[in-house]
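What follows is calculated from the coordinates using simple rules that are stated; it is not laboratory data. Computed from a predicted model, the values in this text were never measured in an experiment. Positions of Cβ are generated from backbone atoms using ideal geometry, with glycine treated the same way; all protein chains shown enter the neighbour counts.
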Amino acid sequence: TQLLEQSPQFLSIQEGENLTVYCNSSSVFSSLQWYRQEPGEGPVLLVTVVTGGEVKKLKRLTFQFGDARKDSSLHITAAQPGDTGLYLCAGPISNFGNEKLTFGTGTRLTIIP
Amino acid sequence: NAGVTQTPKFQVLKTGQSMTLQCAQDMNHEYMSWYRQDPGMGLRLIHYSVGAGITDQGEVPNGYNVSRSTTEDFPLRLLSAAPSQTSVYFCASRLTDTQYFGPGTRLTVL
């Protein structure tokens, strides 16, 4: 059973469109992270959100942590082909401090030029 | 800095063979971990280490052994490979909340 569920699993949109992907859980997380993974490479950390309701921006990417700290979203404005990749959310399993990180199944995003 | 390096990049094994996946980092990070990535499953933690001489199990440890004799190296051993261990394996090291992943090893067990 996945602690973190991501949706949609696949998303294909035209360049210039906006999109939102989601990371949901029935459990409370002390923090959540978002990673982007490109084919043949390891995931790269984009952001960590730690406070309920927190919003962080990274250029055209906006990350939000839910008020109850059970969910997070990633919104991309004016998507570009360089945004293509697998987006993963991850959070620490609470009873192991920060030592064990659990990942969602990911959203595979394709931006069509 | 080379960051996190993994060797080999690709490997094909026959069922029952053993092998070691190498992982090294030059950032002096205490925390290192191994994950496997399978389609539709995300990344799952196999083993992790909070420092030299200290290792612990993750979500899916069966069939894998690890040791941590130095801060830099964290090898993953498959003692008797099984087809279910076909996967992409990622090693990572961590400083505070930032985890750095290696490029991965794609392993096929026939």
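Principal axis extents of the Cα atoms in the protein assembly as shown, from largest to smallest and rounded to whole angstrom, are 48, 37, 36.
The alpha-carbon atoms of the range A:16-75 define a convex hull whose volume equals 96 cubic angstrom per residue. Take the alpha-carbon centre of the range B:30-49, take the same for the range A:53-70, and report the distance between them in whole Å. Between the Cα centre of the range B:30-49 and that of the range A:53-70, the gap is 25 Å. With the convex hull drawn around the C-alpha atoms of the range A:1-101, the volume per residue stands at 104 Å³. Once the Kirkwood radius over Cα pairs is known for the range A:1-40, the Stokes-Einstein relation at 37 °C and 0.692 mPa s delivers a diffusion coefficient of 260 µm²/s. The GluC sites (Glu not before Pro) found in the range A:1-98 that occupy coil by DSSP, while having at most 15 further C-beta atoms within 10 Å, are A:GLU15, A:GLU17, A:GLU41.
For A:LYS70, a cut-off of 14 angstrom between C-alpha atoms picks up these aspartates and glutamates, skipping any fewer than 8 places away in its own chain: A:GLU5, A:GLU54. In a DSSP loop and with at most 15 other Cβ atoms within 10 Å, the trypsin sites (Lys or Arg not before Pro) in the range A:1-87 are A:LYS59, A:ARG60.
In a DSSP loop and with at most 16 other Cβ atoms within 10 Å, there are no chymotrypsin sites (Phe, Trp or Tyr not before Pro) in the range A:2-93.
Here is the link list: A:LYS57/A:LYS100; A:LYS100/B:LYS9; A:LYS56/B:LYS9. Which ones come out longer than 30 Å on Cα distance? From A:LYS57/A:LYS100; A:LYS100/B:LYS9; A:LYS56/B:LYS9, over 30 Å: A:LYS56/B:LYS9.
Considering all projection directions equally, how large on average is the shadow of the alpha-carbon convex hull of chain B, in square nanometres?
Details: hull surface 25.3 nm².
Value for chain B: 6.3 nm².
Between A:VAL28 and B:LEU79, the C-beta separation translates, for a Förster distance of 35 Å, into a calculated FRET efficiency of about 0.40.
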